[in-house]
Amino acid sequence: MKKLDVPFTLTSLILSGNLLTSSPVVAQTNLNVNISQVSSQDQLTFVTANFEPKVEEIPAKETSQPQSEQLYSSAPPELDEIINVNQLQDVTPDHWAYEALRNLVEKYQCISDSGEGKFNGNRAMTRYEFADSLNNCLLKIGRSIYSLSNKFASQEDLATFKKLQEEFAQELQNVTARIDNLEDKTALIQEQQFSTTTVLKGNVSFNFISAFGDKKSVSPGSNSTEKVNTNPTLSGRTILTLDTSFTGKDRLRTQLVAGNVNNFGSGVTGTDMTLLTGAINTGNNVRLGSLFYEFPIGDRGILAIAPIANFPTRIFPALNPVNSISNFGGESPIYSFAFGSGAVAYYQFTDKIAAGISYLSSSGDAPNQGLFGGQYTALTQVTYTPSDKIGIAFTYGHYYAPQPDASINVTGSKGSQFAQLPFGADTPTSSNAFGLQFTYKFSDKFTLGGWTSYFNAQAEGSPTVSGVNGSQGDRADIWSWAITASLTDLGKLGSQLSFVFGIPPKVTNNDVSDRRDPDTSLHLELSYNYPLTDRIYITPGFLMITNPEHNAANDAVWVGLMRTSFTF
C-alpha cells in the first residue's frame with residue numbers, strides 16, 4: 001500500500017512522524033455467495049408482504065477459488081503483535097480525545113456524517129471505531145493541504161491532531177494493516193475470480209438409503225407376490241449451477257447434474273408413494289438439468305423463458321415451509337405435473353396481492369408436436385399475503401396429454417397408480433386441477449403449512465386398459481391434502497426439523513369403476529436437517545406409508561435415509 005507523505009512549511013516538529021501518513025479508502029467488494037439447499041436450489045424466495053420481484057443480482061466480484069476463501073480465516077502476520085482493540089477501554093463522550101476530535105470534525109468537516117452520526121454524544125465508541133474516524137479525518141485534511149482551501153487556522157489544531165495520533169498509535173496501525181490486507185485480498189480475487197458475470201454454485205450429496213416392508217404394494221384388485229427385498233444403498237449426486245447476469249437484474253441459469261441415486265419408487269416398493277425428492281439417476285453421466293433465462297418486468301414482475309425446466313414454484317410461491325425428503329412432501333401435487341419448455345411470468349400487483357401464469361410443454365422440442373401440439377400444462381396462481389406471518393395461494397391448472405405416460409402424468413408421479421393414470425397408460429387424458437395452499441408463521445422458529453388439491457380428469461379417448469369398460473368423456477375425481485410443519489434452530493442455529501402428514505392423491509370417484517381407490521393411504525414423514533458447518537449438512541429422515549396404493553391389502557412400507565450434503 002502506498003503511503004501519503006505531506007510536506008509543508010508550517011512546522012516540521014508538529015507534523016513529524018506519521019501525522020498525515022495513512023491509506024486511501026479501499027473499494028469494497030461484495031463476496032457473498034447465496035448457497036441454497038438442494039431441495040430449494042432452483043427456487044426463488046417465497047412471496048411475502050414485503051416481496052420485491054427482482055431477480056437475484058450477481059455480485060460483481062466473486063470467486064470459487066479455495067485460496068481466496070482461505071484469506072478470510074487467516075489474519076495477516078503483521079497484526080499478531082498488535083493489541084486487540086476490543087480488549088481496550090471504549091472512548092466515552094466525556095473522554096478528552098472524544099471532545100477534541102468532535103470539535104475538529106465540526107470545524108473542518110472531515111467526516112461527512114458527523115452531524116447525526118458518531119459524535120452526537122449519546123454513545124461510547126470503541127477505540128477501533130475512534131481510530132477509524134481519526135484516520136478518515138487525517139486523510140481528508142491531508143488532501144486539503146495541497147489545495148487552495150487549506151483551512152488550518154492555528155498550530156493549536158495541528159498539535160491536537162498530533163496528540164490524538166500519539167494516543168491512538170496502535171489503533172491507527174491496526175487500521176492501516178487491515179486496509180493493506182483488504183487491498184491484497186481484492187487484488188488476488190480480481191486475478192483469480194471465476195468470472196465477472198457468472199457465479200458457480202455446487203452441491204454434492206452422499207445418500208445412505210434403505211426400504212423396509214413385507215411385500216411389494218399393488219393396486220386394488222391385484223395380488224402381491226414379490227417381497228420388498230432391499231439392502232442399504234450408498235449413492236451420490238452432483239449439481240453444478242451457473243448463474244449469469246448481464247444487467248445485474250437478470251439471470252441465465254445453466255444447471256448440470258449427474259448421479260446414481262435410486263428414487264425408491266414402484267420398482268423397489270411397488271408404489272410411487274415412497275418416491276424421494278432430488279433422486280437424480282443419470283448413470284453418473286453429466287446431463288443438462290435446467291436451462292432458463294429470467295428478467296424483470298417493470299419494478300414488480302419477473303418473466304422466465306425456459307427450453308429445459310420444471311420450475312413453476314421457482315417463481316410461484318409454493319408456501320411450503322418444510323425441507324422434505326419425499327416427492328409428496330416437497331410441494332402440492334398441482335405444481336408437480338408442470339415442467340418442460342415454455343415460459344413463466346409472475347407479477348406483484350400490490351404489497352399483498354400477486355399473480356402469475358405459466359405454460360410448459362414436455363413435447364416442446366419435438367417437431368411433430370412442438371409447444372402446442374403435444375403434452376402441456378397451463379398454470380395460474382393468485383397469492384395473498386396480508387402480513388409477514390400468513391400467506392394464502394389459489395392455483396388453477398389445466399393439463400393435456402395425448403399419451404399420458406409419455407413423460408408425466410395427471411398428478412406428477414404422486415399418489416396411486418390410478419391417480420396418475422385414471423384411464424390407463426394409453427388413453428389421451430386431460431384434467432382441470434385446483435389447489436389451495438397456505439402457510440402461517442407462529443414464531444420466528446415455528447411455521448405451519450398445508451395444502452389441498454383436487455383434479456377432475458377426463459378421458460379424451462376410449463380407455464384401452466385390459467378388462468376395463470370405459471368410453472371417451474369418462475371422468476375421475478382425485479383428491480389430496482397435507483399438513484406440514486417446520487421448526488428451525490433446534491439444537492443448532494441453521495437446523496430444521498420438518499414434519500409432513502397427509503393423504504397422497506387418491507381417486508375418490510371414477511366412471512371407470514375398476515380404477516377407483518377403495519381405501520386410504522396415509523403419508524407420515526419426519527426429517528432433521530443439521531448443519532455440521534456452514535457448508536456441510538447431514539439429514540436423517542424417514543417416511544412411512546400406510547395402506548400403500550390406497551389398498552388395505554398392502555402392508556405398510558418404510559423408507560429411511562441419511563444424507564450428507566456439501567455446498568460450495
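Specify which of the listed residues (G356, G340) is within 23 Å of the chain's Cα centre (by Cα) and on the phi > 0 side of the Ramachandran plot.
After ruling out the rest, the residue left standing is G340.
Of all residues in region 554-568, which are surrounded by fewer than 22 Cβ atoms within 10 Å (Cβ to Cβ) and farther than 12 Å from L532 by Cβ?
Residues satisfying the conditions are D555, A556, W558, G560, L561, M562, F568.
Might you let me know whether region 281-288 holds any residue that is more than 25 Å from L360 (Cα to Cα) and either part of a strand (DSSP E or B) or in contact with an Asp or Glu (Cβ under 6 Å, 6 or more places away or on another chain) (or both)?
No, region 281-288 contains no residue that is more than 25 Å from L360 (Cα to Cα) and either part of a strand (DSSP E or B) or in contact with an Asp or Glu (Cβ under 6 Å, 6 or more places away or on another chain) (or both).
Tell me, which residue of region 390-409 that is modelled with pLDDT of 95 or more and surrounded by fewer than 17 Cβ atoms within 10 Å (Cβ to Cβ) is farthest from L448 (Cα to Cα)?
Going through the qualifying residues, I end up with H398.
Identify, from the list V268, V199, the residue that is part of a helix (DSSP H, G or I), hydrophobic (A, V, I, L, M, F, W, C) and either crowded, with 17+ Cβ neighbours inside 10 Å or in the same structural domain as T520 (by TED's automatic domain parsing) (or both).
Among V268, V199, only V268 is part of a helix (DSSP H, G or I), hydrophobic (A, V, I, L, M, F, W, C) and either crowded, with 17+ Cβ neighbours inside 10 Å or in the same structural domain as T520 (by TED's automatic domain parsing) (or both).
Looking at region 477-568, what strands (runs of 3 or more DSSP E) fall wholly within it and have at least 2 residues that are more than 24 Å from G449 (Cα to Cα)?
Output list reads 496-510, 557-567.
Which of (1) crowded, with 16+ Cβ neighbours inside 10 Å; (2) touching a Pro at 6+ places or on another chain (Cβ under 8 Å) does G494 not meet, given it meets every other one?
Here G494 clears every test but (1).
Restricted to region 218-237, and to residues that are buried (at least 17 other Cβ atoms within 10 Å of the Cβ) and at pLDDT 95 or above, which residue is farthest from E549 (Cα to Cα)?
This residue is R237.
For region 271-306, which residues satisfy the criterion of being crowded, with 22+ Cβ neighbours inside 10 Å and under 30 Å from W481 (Cα atoms)?
Matches in region 271-306: T271, D272, M273, T274, L275, L276, G278, I302, A304, A306.
F434 fails exactly one of the following numbered conditions: (1) surrounded by fewer than 16 Cβ atoms within 10 Å (Cβ to Cβ); (2) without any contact (Cβ under 8 Å) to a residue 24 or more places away in the chain. What is the number of that condition?
Result: F434 passes all but (2).
List pairs: first in region 525-546 and over 16 Å from F568 (Cβ atoms), second part of a strand (DSSP E or B) and of a type in the set (F, W, Y), Cβ under 6 Å, 6+ apart or cross-chain?
Hits for this filter: L526/F499; N529/Y537; I538/Y530; P540/Y528; M544/W558.
Regarding F246, is this residue among the hydrophobic types (A, V, I, L, M, F, W, C) and either in the same structural domain as P540 (by TED's automatic domain parsing) or outside any loop (DSSP other than H, G, I, E, B) (or both)?
no
If I filter region 507-516 for residues that are of a type in the set (S, T, Y), out of contact with any Pro (no Cβ under 8 Å at 6 or more places or on another chain) and closer than 18 Å to G221 by Cβ, do I get at least one hit?
yes
Quick check, is L240 in a strand (DSSP E or B) and surrounded by fewer than 17 Cβ atoms within 10 Å (Cβ to Cβ)?
no
The values are calculated or read from the model by the stated rules, or taken from the named source; none is laboratory data. Everything numeric here is computed off the predicted structure, so don't read it as measured data. Please note: Cβ atoms are built from the backbone with ideal geometry, for glycine as well, and neighbour counts cover all protein chains shown.
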